[in-house]
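J.: Handing you a structure now.
All of the numbers you see were taken from the coordinates with simple rules; none came from a lab. None of these values were measured; they are calculated from a predicted model. Cβ sites come from the backbone with ideal geometry, for glycine too, and all protein chains shown count toward neighbours.
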Amino acid sequence: MRAHTRDTGFLHPTISCWITGSRPCRVFRIVAVIVAFGWTLSAVPILYAQHSTPTEYEVKAAYLYKLGKFVEWPDNVTSSGDDSFPICVLGQDPFGATFDTTIARENINGKKVVIKRISKYRDAVSCRILFISSSEESRVKEILTALSKTSVLTVSDMPEFSRHGGMVQFVVDSNRVRFEVNLTCAERAGLTLSSQLLKVAIRVERNYQPGG
């Protein structure tokens, strides 16, 4: 497994960014916190220092970006010849401009991050990471079943997502964004999750049957 925990140089906020406290800069600081602690923190607070107030979805966007550095995809995905790293949102987009102003400028494993909003789960097969919006809750089982034979990392913050077979579920606990992992479903999709990532998950499901 490739070591990703030392990859700490992917964001370099300028001095003016730190002073102005603009919305994109707040996301830079959130991501920088995750990187600086090397995922040793089990949560990132929604309310952050220096009088800025990052939103819940700014924090979740930062986590989605970092997930890409702590997951390995099968060789047939990584050797596909595509120079992009698609992070997709299925359904109503809760992130707004957060992705477009910050995350979409970055690279993961040498591939440029591309943000895609999709309305049909069939379009998700080309995504590396798929965030499934809560607007799709009524058909989440259908979506996950359809994607179960792909190598797409499925992420959401809807209740019981991991129990339905989702791979990463965001939860908010004591004003902090945390996450659960359904390791069984991730491994069945051919994904390898870093031990560093699993250490900071608040719950890791193993030998788990969806819907159980």
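J.: Would you mind checking which residues have amide H under 5 Å from LYS112's amide H? H placed 1.01 Å from N; only 5 or more apart, or other chain.
T.: PHE85
J.: Would you give the gap between the C-alpha center of the range 122-137 and the C-alpha center of the range 143-199, rounded to a whole Å?
T.: 12 Å
J.: If the limit is 20 Å between Cα atoms, which of LYS69/LYS149; LYS69/LYS116; LYS60/LYS199; LYS116/LYS141; LYS69/LYS112 go over it?
T.: Pairs exceeding 20 Å: LYS69/LYS149; LYS116/LYS141.
J.: On to the next question. Among residues other than GLU180 whose Cβ falls under 10 Å from its Cβ, what is the net charge (Lys/Arg +1, Asp/Glu -1)?
T.: On the way: positive: ARG163, ARG178, ARG203; negative: GLU205.
Charge balance near GLU180 sits at +2.
J.: Right, another one. Which cross-chain or sequence-distant (5 or more) residues have an amide H under 5 Å from the amide H of VAL204, H modelled 1.01 Å from N in plane?
T.: Correct list: VAL181.
J.: With θ taken as phi - 60° and the coefficients 6.51, -1.76 and 1.60, list the Karplus ³J(HN,Hα) couplings across the range 117-133 in order, rounded to whole Hz; mark glycine and proline as x.
T.: Once θ is set to phi - 60°, the couplings for the range 117-133 become 9, 10, 10, 10, 5, 5, 7, 7, 5, 8, 8, 7, 10, 10, 8, 9, 5 Hz.
J.: Quick one: putting +1 on the C-beta of Lys and Arg, -1 on the C-beta of Asp and Glu, what dipole do you get for the range 162-210 around its Cα centre, in Debye to the nearest 20?
T.: For this selection, approximately 60 debye.
J.: Multiply the residue gap between GLU142 and LEU198 by 0.36 nm, knock off their C-alpha separation, and tell me the result in nm, one decimal place.
T.: Extra length from GLU142 to LEU198 when fully extended: 17.5 nm.
J.: List every residue whose amide H lies under 5 Å from the amide H of VAL171, counting only residues 5 or more places away in sequence or on a different chain, with H placed 1.01 Å from N in the peptide plane.
T.: Amide H neighbours of VAL171: ARG178, PHE179, GLU180.
J.: I need the phi-derived Karplus couplings for the range 142-147: 6.51 cos²θ - 1.76 cosθ + 1.60, θ = phi - 60°, integer Hz, Gly and Pro marked x.
T.: Listing the rounded values in order: 4, 5, 5, 5, 5, 9 Hz.
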